[in-house]
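*Asks:* One structure, pasted below without further comment.
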Amino acid sequence: MFGKRVPEIFYINERSRTASEELAQVLSYCILQAEREFREVIFLCIGSDRITGDSLGPLIGHQLAPYRKPGFFVYGTLDDPVHALNLTDRLRLIQRRHPEGLIVAIDASLGSRRHQGYITVGCGSIRPGAGAGKSLPEVGDVFITGIVNVSGSFEQLLLQTTRLSTVFHMADAITQGILIGFQSLESAALTTVPPAGIAVK
């Protein structure tokens, strides 16, 4: 699932009343840990709107799209999703349009039963579709994933039978966390000390 770099991974319970604030804090921290300079932040929301569990990314992109502005770009929405068939082309487009952009990759994932319903945030890349046996390029300088269901056999079926309410509530929490975190970054009122009180693995 995760790229060559071994990242810090923060786990946030989506059901927590402070989930969005926790995500904002961790996301800001991870962005500031980027190993290169950047002038823009690109939110790459990966997934298919045709599969309930995999629609987390496009739904977040749809919610973030109205907030696009200089320095804040969104790719992957319900109307124009980024998925397995066009991911490589979209990455080339992003690299051409935003050579100094930092990419935050957002995707749905499957995980253990105890982590179902959790959001993970970390520094480094992810490999979309790895849980479903797909061979796609690693993406992202920072990542956010939502564990929408339990991993096991027939991953594609698990994604198809994921409850829409699970995806919807998780998308809301992630979207609000991103907006709060980006606002904090703009105000530069942050430190690079690892966030306290949030589970790290």
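*Asks:* Taking 0.36 nm per intervening residue step and subtracting the Cα-Cα distance, what contour gain separates Arg113 from Arg15 on full extension?
*Replies:* Difference between extended and current length: 33.8 nm.
*Asks:* Taking amide H positions as placed in the peptide plane 1.01 Å from N, state which residues far from Ile9 in sequence (5 or more) or on other chains have amide H under 5 Å from it.
*Replies:* Answer set, sorted by chain and number: Lys201.
*Asks:* Could you list the trypsin sites (Lys or Arg not before Pro) in the range 19-125 that lie in coil according to DSSP, counting only those with at most 14 other Cβ atoms within 10 Å of their Cβ?
*Replies:* Passing sites in the range 19-125 are Arg36, Arg39, Arg50, Arg68.
*Asks:* Next question. Between Lys69 and Leu93, what is the label-point separation in nm under the 7 Å Cα-to-beta-carbon projection?
*Replies:* Rounded to a tenth, the inter-label distance reads 2.4 nm.
*Asks:* Same structure, new question: Could you work out the relative contact order of the range 9-189? I mean the mean sequence separation of Cα pairs under 8 Å and 6+ apart, divided by the number of residues, in percent.
*Replies:* 31 percent
*Asks:* Okay, moving on. Modelled label-to-label distance, Glu100 and Phe38, 7 Å Cα→beta-carbon offset: nm?
*Replies:* Between Glu100 and Phe38, the simple spin-label model gives 1.4 nm.
*Asks:* By how many nm would the segment from Asn86 to Gln160 grow when fully extended, if each residue of separation counts as 0.36 nm and the alpha-carbon distance is taken off?
*Replies:* Gain on extension, Asn86 to Gln160, equals 24.6 nm.
No value in this document is a laboratory result; all are computed from the given coordinates. Given the structure is predicted, the values throughout are model-derived calculations rather than measurements. Positions of Cβ are backbone-derived with ideal geometry, glycine not excepted, and every protein chain shown enters the neighbour counts.
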